[in-house]
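Quick notes on the structure that follows.
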Amino acid sequence: MEENEDLFDDSVSEGINHSSSQRSLSTTVFNILCGLKNLFCSGMFVKGSAFVVGFWHPSKGLRAIMAVILLLVDIFFVIASLFKALICQQFQTPLNTWLCGNTSSTNSSSTSLASTSLVDILSFVASCANLMSYATFFWCVWKLQQRTVYCVTLEKAFSTAGRSIWVTLNVSMLIFGFLVVEVFWFYFNFKESFYGSFLHLMSIFPAWAILTSSWMFVVITSAMKDCVMQCQAEIRQSSIDCSLDDVIRIHKRLWKQMLSTSESLKVWFVTHWFMFAVVVVIYVASMLSFFEQVIDWYLLYHHVLVSLLMIYVFVYPSYCAASVTTQCNRMLRELNMTTDEDWPTGHPFCNRFQLALFLQYAQYTNCGFQVGEIVFGANFAWFSTLIAMCGLGVKVL
């Protein structure tokens with residue numbers, strides 16, 4: 001009898017230990033999943049990417065070192081693509097063989113030669129765009145701290161960004177990272193030249209730097225839209241004894257924030273928009289030629305991926321800039337739709353005439369993302385999309 005009781009106690013204790021170990025394991029897995037979720041909903045990946053390419057770090061010396069390395073890589077690809085486009089097809093020298101690879105196979109047919117020349121020209125145009133966009137964005141971010149107190153700095157943008165922004169950017173990083181690694185893996189496994197594999201590995205960094213600049217611009221424009229919502233909330237929560245001039249001062253502070261931030265990024269935005277407008281038209285126009293004359297499936301896949309990347313970094317920042325202006329206009333539209341019942345007694349906007357005067361003042365300020373005297377609105381965003389589609393029209397015509 002006592003032996004049965006001992007066996008029963010042992011089985012019960014073993015069951016308790018087994019259930020406790022299962023609970024401990026499930027708790028550990030749950031904590032890991034929660035940690036991964038919090039990490040994916042944070043800006044850790046974007047900040048890490050910005051650190052690698054030299055856009056963000058408390059130490060300016062380290063940022064300068066990273067920027068110099070990336071600039072040298074960009075300059076190398078500009079020179080290499082220019083050399084390959086202008087010299088590789090005309091001369092057969094040791095330098096040509098080292099820098100251009102095996103050109104004998106490409107000279108075997110006129111179709112292959114034309115396709116290779118087209119790839120080289122596209123590579124040169126894209127390399128120039130990458131170099132100018134990276135250099136101007138680094139310069140604008142470097143000078144961002146020296147702007148007025150109204151400017152939205154990177155630190156302010158990072159601290160105010162919400163989880164939705166980080167999730168969107170992290171998903172974009174995951175997709176483009178997977179596609180870029182897949183291209184390099186395919187090339188490394190099916191191409192013989194080690195030098196070519198090394199060049200493709202190095203080409204990832206300029207492309208990733210341009211993607212990172214676009215993602216950081218998304219964070220900055222998101223912070224600018226937060227400023228608009230804060231301004232609207234402050235106007236609604238104004239004290240009942242405030243005057244119309246007090247409300248105008250609130251909006252004037254918002255106008256200074258929009259103007260100072262957009263002016264600090266103007267050089268990059270204009271350079272980036274113009275250069276990639278040219279690149280996108282050329283890439284999209286040449287895409288049909290690659291479908292018509294497929295000589296290398298890897299080359300076709302690589303060209304399609306680069307085309308999608310160019311369209312993304314050209315169109316997405318345009319929509320982000322336009323969204324800032326749209327947010328400012330939405331604030332005025334919502335204020336215009338209010339009546340005296342929507343305002344506390346004593347607020348200046350209880351008087352419709354005072355509200356009309358404010359709306360007239362606000363419309364003349366052209367508050368939004370400004371490029372010089374031009375406010376980048378929704379029309380310019382659609383115009384950017386139209387430019388991205390013009391390549392197909394150019395090819396068809």
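Here is a check on your reading of the model: is R63 modelled with pLDDT under 70, within 43 Å of the chain's Cα centre (by Cα) and basic (K, R)? No.
Table: residues versus (1) surrounded by fewer than 19 Cβ atoms within 10 Å (Cβ to Cβ); (2) modelled with pLDDT under 85; (3) closer than 22 Å to L39 by Cβ.
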position	(1), (2), (3)
T116	no, yes, no
F124	no, yes, no
C140	no, no, no
S164	yes, no, yes
F184	yes, yes, no
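The condition (being assigned to a helix (DSSP H, G or I) and at pLDDT below 75) is satisfied by just one residue among S289, S307: S289.
Figure legend. Inter-residue proximity from the stretch 223-244: first residues touching a residue at least 24 places away in the same chain (Cβ under 8 Å) and over 24 Å from C151 (Cα atoms), second residues among the hydrophobic types (A, V, I, L, M, F, W, C) and open to solvent by 50 Å² or more (accessible area, probe 1.4 Å), beta-carbon distance below 9 Å, spacing 6+ or different chains. Indicated pairs: L244/L357.
Among residues of the stretch 45-86 being part of a helix (DSSP H, G or I) and among the aromatic types (F, W, Y), the one that is surrounded by the most Cβ atoms within 10 Å (Cβ to Cβ) is F77.
Looking at this structure, is W208 touching a helix residue (DSSP H, G or I) at 6+ places or on another chain (Cβ under 8 Å), open to solvent by 10 Å² or more (accessible area, probe 1.4 Å), under 24 Å from V270 (Cβ atoms) and modelled with pLDDT of 85 or more? Break it down stepwise before answering.
Working: touching a helix residue (DSSP H, G or I) at 6+ places or on another chain (Cβ under 8 Å): yes; open to solvent by 10 Å² or more (accessible area, probe 1.4 Å): yes; under 24 Å from V270 (Cβ atoms): yes; modelled with pLDDT of 85 or more: yes.
Answer is yes for this residue.
Per-residue answers, yes or no, for (1) among the hydrophobic types (A, V, I, L, M, F, W, C); (2) not in a helix (DSSP H, G or I):
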| residue | (1), (2) |
| --- | --- |
| F314 | yes, no |
| P317 | no, no |
| S323 | no, no |
| C328 | yes, no |
| E334 | no, no |
| P344 | no, yes |
| F349 | yes, no |
| F353 | yes, no |
| F358 | yes, no |
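I'd like the residue in the stretch 336-385 that is of a type in the set (V, I, T) and free of Cβ contacts under 8 Å to residues at least 60 places away in the same chain and, out of all such residues, is farthest from V228 (Cα to Cα).
My answer is T339.
The values are calculated or read from the model by the stated rules, or taken from the named source; none is laboratory data. Keep in mind it's a predicted model, so treat the numbers as computed, not measured. Don't worry about glycine lacking a Cβ; one is built from the backbone with ideal geometry, like all the others, and counts go over all protein chains shown. Accessible surface areas use protein heavy atoms only, side chains included; no ligands, DNA or RNA. Shrake-Rupley method; radii C 1.70, N 1.55, O 1.52, S 1.80 Å.
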